Amino acid sequence: MLLVALPLLCFVIGCAWQLQQRELFDVQVYAVSCLLSSICIVLFAIQFVVRFPAPSHVWQTKKRAVGVVALCGAAALLGFAQAGWRAAVFAEQAVENRLEGRDIRITGVVAAMPQRDESGIRFRLDVESAQLLEAGQTSAVPKPVLLPARIQLAWYRSLPRLSEDAATVPFAELQAAQGEIKAGERWQMVARLKAPHGNLNPHGFDYELWLWEQGIGATGYVRATPREAARGEGPIKIGDTWLHPLEAARQRVRDAIFERVRSPQLAGVIAALATGDQAAIERVDWDIYRATGVAHLMSISGLHITMFAWGMALIIGSAWRRSMRLTTWLPAQHAALMGGVLLAAAYALFSGWGVPAQRTVWMLCAVAVLKLSGKRWPWPLVWLAVLALIVAIDPWALLSAGFWLSFVAVAVLFASSAGQIKPNEAAPARKAQAVWRHAASMLREQWVITLALAPLSLLLFNQVSLVGLLANAVAIPWVTLVVTPLAMAGVIVPVCWDAAALAVQALSVVLAWFAQFPFATVSIAASPYFMSAAALFGAILMVLKLPWPLRGAGAAMVLPVLLASPLRPAPGEFALLAADIGQGNAVLVQTAQHSLLYDAGPRFSRESDAGQRTLVPLLRALGEKLDVLMISHRDADHIGGAVAVLKMQPQARLVSSIEAGHELHAVRPAERCLAGQRWQWDGVNFEILHPTPSDYDTPQKPNAMSCVLRISNGKQTALLVGDLEAAQEQRLVSAQAPLKADLLLVPHHGSKTSSTPEFLDAVQPQWAWVQAGYKNRFQHPVADVVQRYEARKIQIVQSAKCGAATWASDRADQMVCERERSRRYWHHRLP
């Protein structure tokens, strides 16, 4: 067993080692390493299979030990090299810098079912050909260019502005065309691309890694203005293809569900269970599922696929036994086993082939092969073989939360023997006893999984559901035995989707009741990895059948994670963290015992904003309890995530310049920010410099009402100014306000309407933060403004290049960039 298990484990470790690379080697280095390690593995395998004579038993033992070590080293090198080789090949397909933001006519096939929201439609395109068009001349002679094999495009209902005179109005023709786009169709369109670029924050979702794992080499949007549509130069459907039939079938089923079920909220859950389209589930439902710990059920999980395989095996076995000829050719048990696994694999493919689905299918295949061959392997070997297989197929799955939750859960169940009947237990004499024993077994399995995975959930998400055990006790049988079968049966009998909608609605009522409990979830700050790993190991010790002293030791290993708290500034010092949220502002200010969030970033769509996507996870990971949320003004790129932040931080005061009738007052009444307001936290002084009380008496542009916050400890100063414009800057300079600062949040993201020379001369910062999106449509920061800062030797830090930026008053000459601190080879390098 060890001769197989150790090389498999080393292979996985080699893949994990490669994922830590900051820069890739040359592709030839990986290729040669793959070849050499493969040859070594073959030679060592031959050595162990064919035992050559040795001078003595001792020599034979030493030789085998050396061989095992060398075999493990070769397996680790193979894992490292094969992952690196694939990464280097994919990296060579990156979009060229010169092609970013330029009009390119692309012909390709829609590779996956599109995703729709109120802003438009998003889809993946397998590129077949591409031609570069001259700027502003779509009819000019095109120049062929090479693009990545797969790109992701957004087709907006209205075109994002790139200049002041660009058309932005929506039009009916575009909406009609968007309704027809389907997986497997060939389209031609003009698009503007950019390199895969995402926001990078501490403890945040790595969007660039996700794009890399999906094989997406560029993102962009379709150029479809009304003028181009009138000239017949908009996107054109060329025809259907035979490519991506599974995606086309998934889209047909998903669309049929939304046509049949009137409630989009209920239809989204059914679509997720029938086709694996988790994006169809609305945000409010996801919030409830996470709070109650049942989010794992709202996708095609291993439990769903196992139940499907079991059901199909029963049907196939029953039908097979009715034919004498079939049973003579192949025993019914074997036919049922093979048919159940094959149909489960087809279901997993249809549902999108996620990591839990892959793990389950390969586990079922391993069990089927062992049963058909009459062999019994120990569970660790089966588990490790499937783990190595999935890592070989997709090395980057090692960085996926679902991967670890899935495999750790299976390992814990195997190791704890949860749900298994002891050998000395007799079969129950009554059906009632059998049902009770089965229910008790399921409850124990759920308890074991909940307890063992709690530290892992805290490590990955910084929160865990305390009502998860009760909620899952209701949701698992209901979703597995009622909702999912109805959702799948609706593919054949659509009326089943109506029954599924009623079942989902009933479950939602119960889960919403669970989620309302004040103790539904517990959140803790992120802990060091070694501490979280120790807690996970301790939780596993607690659920294994071990002596109670060892279980008590496991509980002691969990406690540090629950009691740990992140480092904060010393009294009299303060720290600022500028979150990477794209085009918008969001700056966290920390003192020894207090916190303030200045602005809450943009809103991306009805279902997504910077608060929900970035700030809430960040605040949770840092263990922050905000004292104040200050919204500088009402522009969408500053107030977009405020609702999500306020719901997560019920104790925070809201301070802003928003008008009295603004809808945010319904969430929490806002206090006005007024020049002259001052307070002190832990030896750090806070002062508002703008706006004045008279500014509220006359109509003003939103930018002109930006709250200006000065933070100082007497040694270092930071100045946060929102979207302040030239007129307000001049007024502050004329009033001789205390503007001098070490760090300045660049006004209006570096717009040409701000950062006047007089204002910069008054502030004289060492650092200037620009929070703006990569290749944003406003072209912030403007080149002329950048030159003003550079002429004064002010160091500009752009969020697009730096990611989240951290600055502390006790290390005023240092700036920590998340892109540099957590740099990996798949992260975008700005030219």
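The values are calculated or read from the model by the stated rules, or taken from the named source; none is laboratory data. Quantities reported herein were computed from a predicted structural model and do not represent experimental measurements. Note: ideal-geometry Cβ built from the backbone for every residue, glycine included; neighbour counts use all protein chains shown. With ligands, DNA and RNA removed, areas are computed over all heavy atoms of the protein, side chains included. Shrake-Rupley method; radii C 1.70, N 1.55, O 1.52, S 1.80 Å.
For the chain, the convex hull drawn through the C-alpha positions has a volume of 218 cubic angstrom per residue.
Along the chain, the exposed loop sites are chymotrypsin sites (Phe, Trp or Tyr not before Pro) outside DSSP states H, G, I, E and B with at most 10 other Cβ atoms within 10 Å, and the longest stretch free of them is 520-831. Cα centroids of region 685-714 and region 237-305: 47 Å apart.
Dimensions of region 358-406 from C-alpha coordinates, computed as largest minus smallest value along each principal axis and given longest first, are 36, 16, 15 Å. In the chain, helices alone account for a calculated mean residue ellipticity at 222 nm of -14500 deg cm²/dmol, with every DSSP H run of four or more residues adding -39,500 (n - 2.57).
A cut-off under 14 angstrom between Cβ atoms defines the neighbours of Ala291, and their net charge, with Lys, Arg +1 and Asp, Glu -1, is +2.
With r defined as the distance between the Cβ atoms of Ser605 and Ala512 and R0 fixed at 22 Å, what FRET efficiency is calculated, to the nearest 0.05? Mind dumping the intermediate values first?
Numbers: r = 23 Å, r/R0 = 1.06.
Here the calculated transfer efficiency is 0.40.
Using a cut-off of 11 Å between beta-carbons, work out the net charge of the residues near Gln798 (Lys and Arg +1, Asp and Glu -1, Gln798 not included). Net local charge, Gln798 excluded: +1. Using the Cβ-Cβ distance between Ser323 and Lys371 with R0 = 22 Å, the FRET efficiency computed as 1/(1 + (r/R0)^6) comes to roughly 0.50. Taking all protein chains into account, the per residue accessible area for the chain stands at 47 Å² (1.4 Å probe).
Any number yet on Rg/Rh for region 631-705, C-alpha, Kirkwood? Write down the numbers at each step before the final one.
On the way: Rg = 13.0 Å, Rh = 13.4 Å.
Checking Rg against Rh, the ratio lands at 0.97.
Screening the chain for DSSP H helices whose Cα atoms reach 18 Å or more along their own axis and whose mean Kyte hydropathy is at least -0.5 gives 2-18, 27-49, 57-91, 302-320, 332-350, 355-373, 379-393, 401-416, 431-461, 495-515, 529-543, 548-563. For region 92-135 versus region 754-777, the inter-centroid distance based on Cα atoms is 33 Å.
Could you please report the charge total around Ile270, scoring K, R as +1 and D, E as -1 over all other residues with beta-carbon less than 15 angstrom from its beta-carbon? Don't jump to the answer; show the numbers that get you there.
Values: positive: Arg250, Arg252, Arg254, Arg260, Arg262; negative: Asp255, Glu259, Asp277, Glu282, Asp285, Asp498.
The answer is -1.
Can you send over the carbon and sulfur percentage of the accessible area for region 76-123, probe radius 1.4 Å, protein chains only?
Details: 1030 of 1820 Å².
Roughly 57 percent, rounded to a whole number.
Legend note: in the chain, cysteines whose Cβ sits 4.7 Å or more from every other cysteine Cβ are Cys15, Cys34, Cys40, Cys365, Cys496.
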